[in-house]
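Notes follow the structure.
The values are calculated or read from the model by the stated rules, or taken from the named source; none is laboratory data. It should be emphasised that the depicted structure is a prediction, and the values quoted were computed from it without experimental measurement. Every residue, glycine as well, gets a Cβ built from its backbone with ideal geometry; the counts of neighbours run over all protein chains shown.
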Amino acid sequence: MAEDPKTATAGSPFGKPQVRIDGRAKVTGRALYPSDEPVGNPAYAFLLTSAIARGRIRRFDLGEARAVEGVLDILTHETAGGEAKPPEMQSGGKTTTTLESDRVWHDGQIIGVVVANSYEIAREAAFRVRVHYEKEAPSASFGSPGAEEEVREPGEHKDYRVGNADAELASAEVTVDGWYGTPTQHHNPIELFTTTCAWENGKLTIWEPSQFVYGLRGNVAGQLGIDPEDVRVVSRFVGGAFGSKGGATARTAWIAVAARRVNRPVKLVATRDQGFTIVTYRAETRHHLQLAATRDGRLTALRHEGWELTSRPSDYNVSGTETTARMYACPNILTKVNIVHADRNTPGFMRAPPDTPYMFPLECAMDELAARLGIDPIELRRINDTQTDPTNGQTFSSRHLMDCFDRGAERFGWSRRDPRPGSMSNGDWLVGLGCASAAYPSNIAATAARVSLRPDGHARVQIAAHDIGTGAYTVVAIMAADQLGLAPEQVTVEMGDSSLPPASLAAGSSHTATITHAVAKACGELRDRIARAATTSNNGPLAGRDPATLVLSAGRLTAPDGAAEPLVDAVKRLTPGALEVYAENIPKGLSPEAMETLYKGKPPMSRGQNREDVTAYAFGAQFVEVRVHSRTREIRVPRMVGAFASGRIVNPLTAHSQYMGGMIWGLGAALLEKTEIDPRHARYVNDNISEYHIPVNADVRRVEVIMIPETDRDVNPLGVKGIGEIGIVGVNAAIANAVFHATGKRIRQLPIRIEDLL
Amino acid sequence: MRPFSLETADDLAEALRLGAQENAAGAHVRAPMQYLAGGTNLLDLMKLDVMRPERLVNINGLQRQYGMIEADGAGLTLGALARMSAVADDPVVRRDYRVLSDALRLAASQQLRNMASLAGNVLQRTRCNYFRDTSWGACNKREPGSGCAAMEGVNRRLAVLGVSDRCIANYPGDFANALAALGAEVTVLDGAGGTRTLPFEELHRLPGDTPHIETNLKPGELITGFRVPAGPWTRRSLYLKIRDRESFDFALTSAAVALDLGDDGTVREARIGIGGLVAKPWRSHEAEAALRGRRLDEASAAEAAEAAFADAVVHSETAFKPELGRRTLVRALLEAARLTI
Ligand SMILES: Cc1cc2nc3c(=O)[nH]c(=O)nc-3n(C[C@H](O)[C@H](O)[C@H](O)COP(=O)(O)OP(=O)(O)OC[C@H]3O[C@@H](n4cnc5c(N)ncnc54)[C@H](O)[C@@H]3O)c2cc1C
Ligand code: SF4
């Protein structure tokens, strides 16, 4: 942390590539993912899920299933429906029910739980259950008979009306106007959705992969009507989450109920196809995007109207227009979002939930406008770049969008692009080059941490934070090492357990900023205690110095004049054991009740687009080369370059992986990913990873990441912006724009497939 | 998955004895006994509760006897238990029967190819999602007479050639289309030790009114191997597979082509297989006839492609497939003509 005078040291690991401290445990299989945690004598659960999307359960035939030897219990609405309530969703209010009643809200809804002595027995018994339904005609999607549309009310998310966009669109010199769509998508983390529950003396322990252990704790306590203090959630390692493990889902409470009923720990590993319907996913969206501009490329109006699909009871929707309204200088802005209810499971967060679908139409439309005006797409963005948030006149805490474009363009070789569509080729393949802007709000949440330091220079950090594969363990170690003048190897990190000090939801790219500030605060207080003791003691080399000027580094406490005391002695002065500090960090702009909120299991988050001092976003530029076969039209992506300015980078090694992973996901989202739904039955069809496609290695050729150094003193004290999600944003548009450049065809519905280009 | 017994056969006699069926009528895929080779298709379907055999007979012990890859002047002999990867990588197959090597190499993943046998590969069953998920009520292939959920559902990956009004499932494999194209034969033993040889093209059946009967194998019959006749076309051959992603994906369309060209580019003989969108492994005699004696160029290739897809039947999401199939075949023919052999 070179810029903090208290710790300005060349030896700090902050900002240097650091291998994961948990890497060895992971690759040697010693990292315990929740379903690996040993529990004594477990029983096994297999979920029964509905085969219809709408209706009621008239009756179960359980005889054949109960007769399978080793079956312990079968939970249905008739046998156990009253024993738990539905969870509270992170967003969007009410959700669908499961065993609470005979009602079926969506395909694949949990309607029962078979518990048996082994997984195989439970599965076999589940296959032998017959369910008799009273079917009703379901609505699958937008435009299906029975789907209900409503205009989103201002609440969780905002819409904007600046100037008069409609009037400007009606009279503008140049306009572009297009309808766009993005499909249903599922995260499919390789670690399946698992839950293990055990009761002991009325206290419940839950092992479940989670992005928010305090949230899950609070939720399950509420569902079961017990004290949150009697629930512990353990989630030390998470095998991919991407938003899918952020909110509590119904299964957890039912497994807890099952464990109570059979008086044994119960373990659930839901199947891959069940993962499509028992948790959340990315909602299908539609967009109408209109731009107006002058002939020299200045935007004069932006109108973005979105439609988002959700379940019958839920109002889940995302803040996509909050980003698109802020991307470019524009005097007339109108945004609007409509929520469409159908007989589907409730959607939720998936990597860059708002920005992935919403930036797609805007960035395609910008490309279309550039082509229309004969202006280079990068130059069009430069003409409309702004340091002022067009929705409220605030300045951006920092915005280096054009630096990203310039550095990226140079690396990518953008200047070699012939702008005429269809003009570039390589053998039998048409070549297309496309670009798009990326943006993601910089968020930060209230969080607590406990740090202890022993005289031998070993520190331990305890924080109920989450490493969902991002490298958060390592970030915590780096931060503590930086603050205490140690090496990362001298820091032990404990996370992913609700018996530790609470950390907020690992989502919204907030976690690194959130946990570094909490850890820094606890370490700072530790340092102050040591420094005060060192300066107020009668003897010792630092006696009488100003404690605020002392620096902890390389195992020493050092004064500006060079006088120093080994950390060992300084700590020993206070205790022969361990010094310990618990600290809570409440970021600027959040209320003092933030910690109480967090203890209750709700994430107290300051969002970059809602701040009243500055507007805080990270920015980036995406570049993609596509090849389209001139005859058979396969679309391949030999090259991607992403340049990002996201504040200070704690660990460039894991940051690189985050960006790259996001970009690769963007490739998949643009060309491959789509959950197919049967329009008559409102049921998912390709609910497996053989047919739900994500890129394989052969699809991913050169992927280059450029990290633009950025100092931002306003975003937060450490200048850390989130990077977990921005890597995916805009890739879909960059690919669509590249496909246009290769073929002259504008495809506005994702994924872009061979048949779109025939 | 339901309980089943597992027996292991170390030699042919034992395999046939264990495999002998009380009732040798009906479709082999529905028989209570199934041979277990690599298991990469069978065990999947059992876990999905689609196949519910009571007995499995593990025949991997027969690999010593029926794992051969042998070429001589008259042709290529491949054992039923040769692994996909071994055949794909065999230098002689690669040089002299490139279309076979290509078709295997472009299938599945390396891990699967290491496990999977040739006989298991040709007998793999459709990936139609409505077939593979028992929570769908209507599937004539799984439950005869129950209807076909795919007909007006999600069917982008299903067939347009050889379909019936009972079933539009595609045969998903690659290798079998190349075998069909090259006019291979398959050797089958019955429970009594009797041997029969049938043209590979006759191993699988069209769905017609009985999509649940997929092959002409009787329950308990064992495939021991394949014989691919040599011909001047097998060297100038390739398999072109068009798919959404670059690897580990079934074909949307594919073409297996083998050409014998005169010095002036005239087609003396052509062997053409079609895949991805076919109801069973497919040889297009029509396309072959359209090419024979013609100079291979864009126009003749396009005519052959027209002939190959003349009888295509499309459904809600497959309207694009005949066109993609034609383009695939044209591209494959032109690329094969350009090969240096
Ligand atoms: C994710 C995935 C992707 C795939 N992609 C492709 C692809 O792109 N292209 C492709 O072609 N394939 C693909 N496959 C299919 C794969 O090639 C087959 O699963 C494999 O070839 C089957 O061989 P096996 O030996 O494992 O068969 P098994 O599963 O053991 O057997 C399959 C069937 O054949 C029967 N059988 C096996 N041997 C004999 C015999 N000697 N005599 C009589 N009956 C026998 C069995 O009883 C069973 O009914 C893919 C599979 C998966 C899982
Ligand atoms: S296409 Fe065939 S396999 Fe698929 S649902 Fe219809 S009958 Fe079944």
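Quick one: in the range B:39-49, of everything that is touching a strand residue (DSSP E or B) at 6+ places or on another chain (Cβ under 9 Å) and over 12 Å from B:Leu123 (Cα atoms), which residue is surrounded by the most Cβ atoms within 10 Å (Cβ to Cβ)?
The extreme case among them is B:Met46.
Return yes or no: is A:Ala578 buried (at least 22 other Cβ atoms within 10 Å of the Cβ) and not polar (S, T, N, Q)?
no
Is it the case that some residue within the range B:169-177 is free of Cβ contacts under 8 Å to residues at least 24 places away in the same chain, away from every other protein chain (no Cβ under 14 Å) and either of a type in the set (Phe, Trp, Tyr) or over 20 Å from B:Val122 (Cα atoms) (or both)?
no
I'd like the residue in the range A:719-753 that is in a loop (DSSP other than H, G, I, E, B), hydrophobic (A, V, I, L, M, F, W, C) and in contact with a Gly (Cβ under 9 Å, 6 or more places away or on another chain) and, out of all such residues, is farthest from A:Ala518 (Cα to Cα).
Selected residue: A:Leu750.
Among the candidates B:Thr253, B:Thr266, which residue alone is away from ligand 2 (no atom under 16 Å from the Cβ), at negative phi and in contact with a Leu (Cβ under 7 Å, 6 or more places away or on another chain)? Steps first, please.
Details: B:Thr266 fails: in contact with a Leu (Cβ under 7 Å, 6 or more places away or on another chain).
Criteria check complete, one pass: B:Thr253.
Inspect the range A:617-640 for any residue being more than 14 Å from chain B (Cβ to nearest Cβ), outside any helix (DSSP H, G or I), surrounded by fewer than 16 Cβ atoms within 10 Å (Cβ to Cβ) and of a type in the set (Gly, Ala, Ser) and give the result as yes or no.
no
Would you mind stating whether B:Thr8 is more than 8 Å from ligand 1 (Cβ to nearest atom) and either without any contact (Cβ under 8 Å) to a residue 40 or more places away in the chain or of a type in the set (Ser, Thr, Tyr) (or both)?
Yes; evaluated as a whole, the condition is true for this residue.
Of all residues in the range A:103-137, how many are in a helix (DSSP H, G or I) and of a type in the set (A, V, I, L, M)?
Looking only at that region, the number is 4.
Between a first residue in the range A:594-616 that is charged (D, E, K, R) and a second residue that is part of a helix (DSSP H, G or I) and at pLDDT 95 or above, which pairs have beta carbons less than 6 Å apart while being 6 or more apart in sequence or on different chains?
Listed by first residue and then by second, the contacts come to A:Lys600/A:Gly218.
In this structure, is A:Asp355 surrounded by 22 or more Cβ atoms within 10 Å (Cβ to Cβ), touching a residue at least 24 places away in the same chain (Cβ under 8 Å) and closer than 23 Å to A:Asp613 by Cβ?
It is true that A:Asp355 is surrounded by 22 or more Cβ atoms within 10 Å (Cβ to Cβ), touching a residue at least 24 places away in the same chain (Cβ under 8 Å) and closer than 23 Å to A:Asp613 by Cβ.
Conditions (1) assigned to a loop (DSSP other than H, G, I, E, B); (2) more than 14 Å from chain A (Cβ to nearest Cβ); (3) surrounded by 16 or more Cβ atoms within 10 Å (Cβ to Cβ), marked per residue:
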position	(1), (2), (3)
B:Arg227	no, yes, yes
B:Arg245	yes, no, yes
B:Phe248	yes, no, yes
B:Lys280	yes, yes, yes
B:Asp311	yes, yes, no
B:Ser316	yes, no, no
B:Leu324	no, no, yes
B:Leu334	no, no, yes
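State the number of residues belonging to the range B:250-278 that are within 11 Å of another protein chain (Cβ to nearest Cβ) and either polar (S, T, N, Q) or surrounded by 24 or more Cβ atoms within 10 Å (Cβ to Cβ) (or both).
The number of residues fulfilling the criteria is 4.
Output the residues belonging to the range B:124-148 that are farther than 17 Å from B:His28 by Cβ and within 16 Å of ligand 1 (Cβ to nearest atom).
Of everything in the range B:124-148, those that are farther than 17 Å from B:His28 by Cβ and within 16 Å of ligand 1 (Cβ to nearest atom) turn out to be B:Arg127, B:Cys128, B:Asn129, B:Arg132, B:Asp133.
Quick one: how many residues across the range A:737-758 are closer than 21 Å to A:Gln185 by Cβ and charged (D, E, K, R)?
4
Scan the range A:151-158 and tell me whether some residue there is surrounded by 15 or more Cβ atoms within 10 Å (Cβ to Cβ) and basic (Lys, Arg). First the steps, then the outcome.
So in the range A:151-158, the residues surrounded by 15 or more Cβ atoms within 10 Å (Cβ to Cβ) come out as A:152, A:157-158.
Subsequent filtering for residues that are basic (Lys, Arg) retains A:152, A:158.
Yes, because at least one residue in the range A:151-158 is surrounded by 15 or more Cβ atoms within 10 Å (Cβ to Cβ) and basic (Lys, Arg).
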